[in-house]
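The values are calculated or read from the model by the stated rules, or taken from the named source; none is laboratory data. No experiment lies behind these values; they were computed from the predicted model shown. A quick note on method: Cβ atoms are made from the backbone with ideal geometry, for glycine too, and the neighbour counts reach across all protein chains shown. The area values use the complete protein model at the heavy-atom level, side chains included, leaving out ligands, DNA and RNA. Shrake-Rupley method; radii C 1.70, N 1.55, O 1.52, S 1.80 Å.
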Amino acid sequence: MRTTTKLSKKFYLLTMMLVGIFQATAADFMVDSICYNIIGDNQVEVTSRDSVKYAGEVIIPATVFNDGITYQVTRIGKNAFQGCKELTLIDIPEGITSIGTFAFNGCSRLENVDLPNSLVTLETFAFYGCQSFTSFHVPRNLTEIAYNALMLCKNIAYYTCSSFNNKYKAVDGILYSKDLTVLVAYPFAATATTFDIPTTVTALHDYCLSGNNNLVAVNIPETVTWMGMNIFRDCQNIVEIDVPDGVTHMGITVFGGCTSLTRVHLPANLDTIKSSTFSGCTLLTEVTVPRNVSCIDEQGFINARSLKTITFEEGSRLTSLGERAFMDCYALESLDLPSTVSSIGSGCFSSCRSLKTIHMPHNLTEIGSSIFTGCNSLTECEVIGDVPTMWNIFINCPKLKKVKLGDRNGTPGSTLIQNATITRCNQLEYLELGANIDSLENSALCSLDSLKVLICWATTPPRCHNYWSAFSPWPNELKNTVLYVPKASLEAYQTANDWKNFKTIVPIDDVGDVNGDAKLSIRDVNELINLLLSGENTDIATTFADANLDGKISISDVTTLINRLLSGD
C-alpha cells in the first residue's frame, strides 16, 4: 500500500454544469490514487482529485490506512467524481451511508451501480446525467432519495427495490412510497405511451414523471391532492392533462417544457400558479384560471408562444402577476384582467407582440418596469391607480395610439413618472395624466413626435427634472401638441418648468366653447357642425371643438357636446 503526505488545503472557484459553487478540491490524503477527506473520528469521505479525473474501474475500500490510523470510509463526498466521463465502474463498499451532491455528476459512461445496503442518503444531483444507467436498485436502508438525484439519467427503464426497504416499493418498474400513496419516480425510458396513476396515490413527488418522452397521456386519479415541482417537466409528447379539482398545491415548473401540451384543466381549489408552471409550453393555446387562484408567479406562462386565450373565472380572486408572467406569449391578442389585481411585476407582458387590447384593473398599487416592452400590436392602454412609481412601461410599441396614466380622481401628488415611461412609441396621439401625478423625471416621455393631445388633470403642475427635460427631445417634438389642464391651474402651467414650453395650453373647462363666448350652448353645436361641413381646421377651432379630447374633430364631438348640454355639465 502506498501513501502520500498530507496535501495543503486550498479552495478555488469551479464552474458547474448547472450552478457555480465553491468546492474544496485538495484532499487530506491519498491512498492508491483515491483521495480522502477526514470528516470525523476515524471516518473519511472519498473526494475529488486535483487536475486528474478518475477513470476506468474504481474500487473504494471499506477502510483505509494512513499515517498510522485506520479510517472507516463512510461517505462519497460532494463532487467527488464529478465530470469523470471515462469512469465506467464504481465498487461501493458496505459502510458507505451517503452519496453527496453532484458526486457522480456527468459520469456519462458509468454503468449501473450496486449500492450497498448501508446507504441511507442519496443527495441532490448525486447521479445527475449518468446516461449509461439502464436501471436503478433501491437497497434496504436507503430512505432519503433527493428529488433530483437521478435527473437526466435518461436511459433508466425500470426501478427495483429491496423488499426489506421500509420507505420505498417498486411495482412494475415504477417507484412508490411503501404504502403506495406517493408516486416517487417513473422511469425516464419506460416505453408505455399511457400511464394510469393508481388510485392509492394521493401525492406526486417532485420530478416523478419528468423527462419521459414516450408518454402521451397520464391519467391522474381524483385521490391526488398534492403535486410537487417539475412533475411533467420536459415530457415532450404529452398532449392533454386534467388535474383533479381536489389538488390544492402544484409546485414550480409542473408543465415546463411540455412542448406538445395543447390543453390543461387546472383544479378548482388551486390558489397559486407557481413560477414557470407553463414555461416553454409552445403549443398550449388556451387556459382557464380558476377563481381561487390569487397569484400567478414569475414566469408562470413565459414562452407559451401559442397561448391565444386566457380566461379568468367569474369571481376571480387574482391579486398579483409576477415578473415576466406572460413574457413571449406571442399569440396573445387580448386580455381582460380581473378588477382584483393590484400588483403587476416587471416585464409581465413583454414581447407579447400580438397583444392589441388589454383591460387593466383600476386598483393598481404596484407596477414593475418594462411590462409592455415590444408589444408591437398594442393600440391603447390604461394604467390607472395610485401607483407610487411608473417607469419604462411602454417601450417600442409602434402601434400605440392612446394611453392613460394615473387616475383622474386620484390622490394628488402620489405618483412619480420617470425613466422613459413611454419611449419610442411613434404613433402615440393621445396621452392623459391623472390628478395623482406628482412629477415627471429623467426623460419620462420620449420620442412622442405624433402626440396631438396631452391632458394633465393635476391641479399643481407635476414637477419636472431640471437637468433632463421630462419631455425628450424638446421642443420640436411636441410643437404641435395641445396641452389641456384644469382652468384654475392654467397660469401655473404657463409658468412651470417644461410645461411653459407648450405652444398651446387650453383649459379643459373651455373645451366645447367653439364660438368663444365663454359658455356652452346650442350655438356651439351649430358652430361645430358648420366647422365639420366647411372642412376648416384652424388650430384654435380644432382645439375648442374637440369636445371629446381625442385630438381631432368629428361627428362624435357633436354627440359629446350635446350630451354635455343635456346633462348640464
Identify the residue in region 64-92 that is farther than 15 Å from Cys35 by Cα, in contact (Cβ under 8 Å) with a residue 12 or more places away in the chain and out of contact with any strand residue (DSSP E or B) (no Cβ under 7 Å at 6 or more places or on another chain) and, among all such residues, is least open to solvent (accessible area, probe 1.4 Å).
Gly83
Looking at Gly246, Gly228, can you tell me which residue is in contact (Cβ under 8 Å) with a residue 40 or more places away in the chain and surrounded by 15 or more Cβ atoms within 10 Å (Cβ to Cβ)?
Gly228
Quick one: how many residues across region 397-409 are open to solvent by 10 Å² or more (accessible area, probe 1.4 Å), touching a strand residue (DSSP E or B) at 6+ places or on another chain (Cβ under 8 Å) and either modelled with pLDDT of 95 or more or part of a loop (DSSP other than H, G, I, E, B) (or both)?
2
Output the number of residues of region 40-88 satisfying the condition of being closer than 14 Å to Ala27 by Cα and in contact with a Lys or Arg (Cβ under 7 Å, 6 or more places away or on another chain).
1
The lone exception for Leu364 - which of (1) modelled with pLDDT of 95 or more; (2) open to solvent by less than 50 Å² (accessible area, probe 1.4 Å) it fails
(1)
For region 93-109, how many residues meet the condition of being part of a loop (DSSP other than H, G, I, E, B), surrounded by fewer than 24 Cβ atoms within 10 Å (Cβ to Cβ) and in contact with a strand residue (DSSP E or B) (Cβ under 8 Å, 6 or more places away or on another chain)?
6
If I ask for residues that are among the aliphatic types (A, V, I, L, M), part of a strand (DSSP E or B) and either open to solvent by 70 Å² or more (accessible area, probe 1.4 Å) or at positive phi (or both), which ones from region 50-63 would you list?
Ile59
Does Ser334 satisfy the criteria of being surrounded by fewer than 21 Cβ atoms within 10 Å (Cβ to Cβ), polar (S, T, N, Q) and closer than 18 Å to Phe394 by Cβ?
yes
State the number of residues belonging to region 183-228 that are aromatic (Phe, Trp, Tyr) and either touching a Cys at 6+ places or on another chain (Cβ under 9 Å) or more than 20 Å from Thr277 (Cα to Cα) (or both).
3
Within region 271-286, track down each residue that is open to solvent by less than 50 Å² (accessible area, probe 1.4 Å) and farther than 18 Å from Gly251 by Cα.
Thr282, Leu284
Only one residue in Leu428, Leu337 is in contact with a His (Cβ under 8 Å, 6 or more places away or on another chain) and either modelled with pLDDT of 90 or more or polar (S, T, N, Q) (or both). Which one?
Leu337
Residue check: is Cys464 over 30 Å from Ala331 (Cα atoms) and hydrophobic (A, V, I, L, M, F, W, C)?
yes
Would a scan of region 368-377 turn up a residue that is within 20 Å of Glu429 (Cα to Cα), assigned to a loop (DSSP other than H, G, I, E, B), in contact with a Phe, Trp or Tyr (Cβ under 7 Å, 6 or more places away or on another chain) and in contact (Cβ under 8 Å) with a residue 24 or more places away in the chain?
yes
Inside region 195-216, can you point out the residues that are outside any loop (DSSP other than H, G, I, E, B) and either of a type in the set (S, T, N, Q) or over 16 Å from Arg233 (Cβ atoms) (or both)?
Asp196, Ala203
Those residues of region 110-131 which are in contact (Cβ under 8 Å) with a residue 60 or more places away in the chain and open to solvent by 30 Å² or more (accessible area, probe 1.4 Å) amount to Phe125
Residue count for region 234-243, restricted to those that are part of a loop (DSSP other than H, G, I, E, B) and farther than 15 Å from Ile273 by Cα:
6
Filter pass, Ala268 being open to solvent by 30 Å² or more (accessible area, probe 1.4 Å), touching a residue at least 24 places away in the same chain (Cβ under 8 Å), under 19 Å from Gly280 (Cα atoms) and small (Gly, Ala, Ser):
no
In region 246-274, what residues are small (Gly, Ala, Ser) and under 14 Å from Ile231 (Cβ atoms)?
Gly251, Gly256, Gly257
